[in-house]
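Note sheet for the following structure.
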Amino acid sequence: MANMTAALKGPADLFGHPRALSFLFATEMWERFSYYGMRALLVLYMVKYLLLPAQVGNVAGLATFKSALETVFGPLAMQPFASQVYGFYTGLVYLTPIFGGLLADRVLGQRRTVIIGAALMAVGHFLMAFEHLFLLALTVLILGNGCFKSNISTQVGFLYPPGDRRRDSAFSIFYVGINLGAFLAPLVCGTLGEEYGWHYGFAAAGVGMTTGLVIYLLATPHLPKDAFIPHASHAPLTRRDWQAIAAIALLFVPASLFWGTYEQQGNTIVLWASDFTDRHLVAGFEIPVTWFQALNPFMIFAFTPFIVALWRWQGAREPSTVAKLAIGLFLNAASYLVMVAAAELTGAGQASWLWLFAYFVVLTVGELYLSPTSLSWVTKVAPASLLSMMMGVWLATSFAGGFLAGYLGTFWSSMTHTSFFLMLAIISAIAGLMIVLLSRPLRAVLPD
């Protein structure tokens with residue numbers, strides 16, 4: 001690790017951080033542009049086009065896949081089936097990083113693994129332009145994300161020596177890159193898909209991923225040297241290493257519950273925006289459904305400087321990592337209470353779009369307390385010889401959460417909207433209470 005950090009000493013060019021952070025920021029921004037551009041369209045594409053009787057028979061393997069799901073979940077109408085596909089996709093893109101991390105740690109090194117992943121994802125997005133290859137495209141995207149996701153995050157951690165207090169702020173800056181791409185994606189890919197044709201939106205996502213790959217290749221001279229080199233040997237894990245692994249495992253369940261509820265924003269919240277929200281502004285302009293997917297990432301990079309400044313101002317009173325995770329979950333629960341109020345007060349009518357705006361404000365602040373903080377925490381505590389794999393394990397909380405999001409989404413058509421949103425709030429609040437109960441043993445094992 002010393003050689004790795006020594007190689008990075010030199011001019012800083014992004015808020016006092018190593019030069020490599022700006023390249024990783026840009027690469028991740030374009031990768032997230034491609035991911036969220038496709039995600040913004042996915043449920044609408046299925047419900048309003050792909051799963052309609054005229055098209056559904058053209059998709060290779062889809063009938064077999066649906067039959068397999070119905071063996072487990074029972075008969076699935078169009079909307080529940082679309083939610084399940086969404087859940088499988090958003091879940092599996094966060095399971096495969098475990099294997100991508102292991103591949104990087106043991107065989108290829110982070111750089112080559114990231115390049116392979118970026119190339120696969122570019123191909124997958126372009127395949128989405130061909131409806132009969134829908135399932136193949138999702139599979140290629142899942143595999144590419146597995147190679148890319150954990151290793152790009154690990155490289156950010158490699159930029160800083162142990163104990164460097166800039167690490168948390170670096171991940172917050174990196175998180176802004178993620179959300180800058182996610183903000184632009186619905187505006188570009190979503191608008192192209194909704195207004196000009198679904199396949200134009202998917203092709204735009206492919207162009208974004210290709211841009212990210214080119215930037216990463218140009219970044220080669222500035223990346224951590226050890227990121228290119230497979231680890232030749234691994235010392236036995238120490239007692240503290242095993243404690244760190246146990247702590248990550250303990251927090252896996254509540255973090256998964258967070259993502260299971262959070263991911264409704266790309267699933268049932270899209271349907272709420274489409275069918276139950278008054279999206280009219282002035283002069284007859286109607287907000288496109290996919291544009292609501294830009295609110296969360298816009299708020300991420302708008303709110304991040306204030307959250308980081310708040311933590312700096314708090315000084316010694318800054319909440320511990322575990323406390324930040326609990327706060328994030330309780331705020332996530334509060335965001336769904338906003339939707340409970342929207343559904344209850346509007347009844348059978350259409351709710352103002354301002355309810356969705358308020359929902360995204362609360363959801364975003366909760367995400368800022370939980371997501372970048374947890375990524376930074378894993379790079380601090382995970383055994384160095386297993387860092388990429390453990391980052392993959394942590395990202396797999398989104399795998400479990402994605403599957404849960406798909407399953408929860410199947411209740412959208414059978415529950416009242418008030419009850420549905422209340423269920424999500426209760427699940428997130430229970431997860432927050434779990435972290436509160438775990439805070440004392442976790443502090444004893446791994447002080448923040």
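The values are calculated or read from the model by the stated rules, or taken from the named source; none is laboratory data. This is a predicted model, so every value here is computed, not measured. For neighbour counting, all protein chains shown are included, and Cβ atoms are generated from backbone atoms with ideal geometry for every residue, glycine included. Heavy atoms of the whole protein, side chains included, go into the accessibility calculation; ligands, DNA and RNA do not. Shrake-Rupley method; radii C 1.70, N 1.55, O 1.52, S 1.80 Å.
Charged neighbours of Phe292, selected by a Cβ distance under 15 Å, balance to -3 (K, R count +1; D, E count -1).
Helix 353-381 axis versus longest C-alpha principal axis of the chain: approximately 30°, rounded to the nearest ten.
Per atom type, the chain shows carbon and sulfur on 70% of its accessible surface, probed at 1.4 Å. Taking the convex hull of the alpha carbon positions in the chain and averaging its projected area over all directions gives 21.3 nm².
Using the average count of surrounding beta-carbon atoms within 10 Å as a protection proxy, the listed peptides 380-386, 104-110 rank, highest first, as 104-110, 380-386. The distance linking region 68-144 with region 161-217 is 17 Å (Cα centroid to Cα centroid, whole angstrom). Ranked by the mean number of other Cβ atoms within 10 Å of their residues, highest first, the peptides 210-221, 174-185, 191-202, 16-27 come out as 174-185, 16-27, 191-202, 210-221. A Gaussian network model of the chain, with springs between Cα atoms under 10 Å, assigns the largest mean-square fluctuation among Arg167, Arg39, Arg240 to Arg240. For the chain, take the longest principal axis of its alpha carbons; what is the angle in degrees between that and the long axis of helix 239-262, to the nearest 10 within 0 to 90? Here the helix axis deviates by roughly 20 degrees.
Using a probe of 1.4 angstrom and keeping all protein chains present, the accessible surface of region 239-365 works out to 41 square angstrom per residue.
Between the helical axis of 78-92 and the longest alpha-carbon principal axis of the chain there is an angle of about 10 degrees.
Packing here is the average count of other Cβ atoms within 10 Å per residue, and on that basis the peptides 427-435, 119-127, highest first, run 119-127, 427-435. Taking amide H as placed 1.01 Å from N in the peptide plane, the amide H of Thr277 sits under 5 Å from that of Ala351, each at least 5 places away or on another chain.
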